[in-house]
Amino acid sequence: MFYGDVYRSDRGDLEGRKVKDMKKINLKISGMHCSSCAMNIDFELEDLGGVKSAKTNYAKAICEVEFDEEKVNLEDVVKTIKKVGYKVE
């Protein structure tokens, strides 16, 4: 099942050492009523081990999540969003 755009980053730190690949996805979210809903999604996702960042935009109904695939997967991210009461399209 595909929920949105997927990006991979492969970058080095300041000394040129390879940093773990992070997966970045954009998910379409429905059921939000205000910007506090977006913040609730972000807080829950950022508490999930392996999630580096979550940025949900209420106006665009999009959630951008960057995470380590070795620690968490897309299904875990979707389950977390659904657990707080929103739908992922």
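Any residue in the stretch 50-73 that is outside any loop (DSSP other than H, G, I, E, B) sitting within a Cβ distance under 7 Å of a residue that is modelled with pLDDT of 95 or more and among the hydroxyl-bearing types (Ser, Thr, Tyr)? List the pairs, counting only those 6 or more apart or interchain.
Cβ pairs passing all conditions: CYS63/THR56; GLU66/SER53.
Going by the structure shown, is ASP68 surrounded by 11 or more Cβ atoms within 10 Å (Cβ to Cβ), within 11 Å of the chain's Cα centre (by Cα) and either among the charged types (D, E, K, R) or modelled with pLDDT of 95 or more (or both)? First the steps, then the outcome.
Details: surrounded by 11 or more Cβ atoms within 10 Å (Cβ to Cβ): yes; within 11 Å of the chain's Cα centre (by Cα): yes; either among the charged types (D, E, K, R) or modelled with pLDDT of 95 or more (or both): yes.
The answer is yes for ASP68.
Among the candidates GLY4, GLY16, which residue alone is modelled with pLDDT of 55 or more, over 18 Å from VAL84 (Cα atoms) and in a loop (DSSP other than H, G, I, E, B)? If you could, list the steps in order and put the result at the bottom.
Working: GLY16 fails: modelled with pLDDT of 55 or more.
Unique residue meeting the criteria: GLY4.
What do you reckon, is GLY49 exposed (fewer than 12 other Cβ atoms within 10 Å of the Cβ), at positive phi and at pLDDT below 95?
Values: exposed (fewer than 12 other Cβ atoms within 10 Å of the Cβ): yes; at positive phi: no; at pLDDT below 95: yes.
No, not satisfied.
Based on what the data block shows, is SER9 among the polar types (S, T, N, Q), surrounded by 11 or more Cβ atoms within 10 Å (Cβ to Cβ) and either at pLDDT 50 or above or in contact with a helix residue (DSSP H, G or I) (Cβ under 8 Å, 6 or more places away or on another chain) (or both)? Talk me through it step by step, then tell me what you get.
On the way: among the polar types (S, T, N, Q): yes; surrounded by 11 or more Cβ atoms within 10 Å (Cβ to Cβ): yes; either at pLDDT 50 or above or in contact with a helix residue (DSSP H, G or I) (Cβ under 8 Å, 6 or more places away or on another chain) (or both): yes.
For SER9, the condition - among the polar types (S, T, N, Q), surrounded by 11 or more Cβ atoms within 10 Å (Cβ to Cβ) and either at pLDDT 50 or above or in contact with a helix residue (DSSP H, G or I) (Cβ under 8 Å, 6 or more places away or on another chain) (or both) - is met.
So which residues in the stretch 41-62 are under 14 Å from LYS24 (Cβ atoms) and in contact with a Lys or Arg (Cβ under 7 Å, 6 or more places away or on another chain), if there are any at all?
Hits for the stretch 41-62 are GLY50, ILE62.
The values are calculated or read from the model by the stated rules, or taken from the named source; none is laboratory data. Just so we're clear, the structure is a prediction, and the values are computed from it rather than from any experiment. All Cβ positions, even for glycine, are placed from backbone atoms using ideal geometry, and neighbour counts span all protein chains on display.
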